[in-house]
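Just below is one structure, and these are the notes that go with it.
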Amino acid sequence: NVAKRRIEEMKDRKTEKHMQLLTNNLEKIIRMGAIITPAIKAVVEKFCPGPLTIVVQSSNGMGTMGFRIPKHNFVIELTSRLGEPLAATSANISGEKPALSVTEVFDKLIFPPDLVIDAGEICSDGRASTVADFSTGRLKILREGPIRETEILEILNQYSY
């Protein structure tokens, strides 16, 4: 895919690294093949929209997929109008701090993207989203962010997860 390769070059990102899907609701992710258990659905209902990326098994042969329902009105409206999730990654060189505004985008990448939409500064404490991997049937935190593992476990403990 040309777009994926261009993003990888722009970010100096490894090709085997997946991009997350941004969406405005869980149903679109389920239609794409995400396997969502009642426990995972409860986690989504508690923390989304918000700074949580969730990795689950996919039923369509893709292996795993990661998704977020971000707490950003522009992204919610865009994915709502598109009708489908949007593949996304942060605007930064892989492993470095992401850009939080349009002006920072041009300083954070090897070369600029073809299009930048200014939807305002991202409200963030500088930490990336928590990445919670549910793909093996057990919770594994791949990246600690604003939502702590103990908070997720409080929800999961209500299920036989």
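The values are calculated or read from the model by the stated rules, or taken from the named source; none is laboratory data. Just so you know, these numbers come straight off a predicted model, no measurement behind them. As a convention, Cβ positions derive from the backbone with ideal geometry for all residues, glycine included, and neighbour counts pool all protein chains shown. Side chains included, ligands, DNA and RNA excluded: accessible areas come from the protein's heavy atoms. Shrake-Rupley method; radii C 1.70, N 1.55, O 1.52, S 1.80 Å.
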* Determine ³J(HN,Hα), in whole Hz, for all residues of region 96-109 in sequence, where each value follows from phi through the Karplus function 6.51 cos²θ - 1.76 cosθ + 1.60 and θ = phi - 60°; x replaces Gly and Pro. => 9, 5, x, 5, 10, 8, 4, 4, 6, 4, 5, 8, 9, 10
* Asked: Looking at G120, A91, T103, which one has the Cα that reaches farthest to the positive end of the dipole of region 73-161 (charges on Cβ: Lys, Arg +1; Asp, Glu -1)?
  -> A91
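Which of the GluC sites (Glu not before Pro) across region 1-86 are loop residues per DSSP, with 16 or fewer other Cβ within 10 Å?
Working: sites: E8, E9, E16, E27, E45, E77; in loops: E16.
Taking region 1-86 and a limit of 16 other Cβ atoms within 10 Å, the loop GluC sites (Glu not before Pro) found are E16.
When a/c is below 1.5 the answer is rounded, else prolate if a/b is larger than b/c, else oblate, so apply that to the chain with a ≥ b ≥ c taken from the square roots of the Cα gyration tensor eigenvalues. Walk me through the numbers on the way to the answer.
On the way: a/c = 1.68, a/b = 1.54, b/c = 1.09.
Since a/c reaches 1.5 and a/b is larger than b/c, the shape of the chain is classed as prolate.
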* To do: Report, ordered by chain and residue number, the aspartates and glutamates lying within cross-link reach of K41, taken as a straight Cα distance under 15 Å and ignoring same-chain residues fewer than 8 apart.
  => E27, D133, E151, E154
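Can you give me the % of accessible surface on region 3-48 that is carbon or sulfur? Probe 1.4 Å, all protein chains present, nothing else counted. Intermediate results must be reported in sequence, preceding the final value.
On the way: 1400 of 2590 Å².
Heavy-atom surface of region 3-48 belonging to carbon and sulfur, 1.4 Å probe: 54 percent.
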* For region 49-97, which whole-number percentage of the solvent-accessible area (1.4 Å probe, protein heavy atoms only) is attributable to carbon and sulfur atoms? -> 54
* About the Cα centre of the chain, how large is the charge dipole given +1 on each Lys and Arg Cβ and -1 on each Asp and Glu Cβ? Please answer in debye to the nearest 20. => 440
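Taking the Cα centre as origin and putting +1 on Lys and Arg beta-carbons and -1 on Asp and Glu beta-carbons, what dipole magnitude results for region 1-92, to the nearest 20 debye?
Details: 14 positive and 8 negative charges, 19 e Å.
It comes to approximately 80 debye.
Considering only DSSP beta bridges where both residues belong to the chain, give the percentage that are antiparallel (nearest 5). Provide the component values of the computation, followed by the final result.
Details: 11 of 17 bridges.
Just about 65 percent of them are antiparallel.
Accessible area per residue, 1.4 Å probe, Å², for the chain: what's the number?
Values: 9660 Å² over 161 residues.
Accessible surface, normalised per residue, equals 60 Å².
Once you've got the Cα coordinates, tell me which of K11/K97; K46/K97; K11/K108 are over 19 Å apart. Can you show the working numbers first?
Values: K11/K97 12 Å; K46/K97 27 Å; K11/K108 8 Å.
In this structure, K46/K97 lie more than 19 Å apart at Cα.
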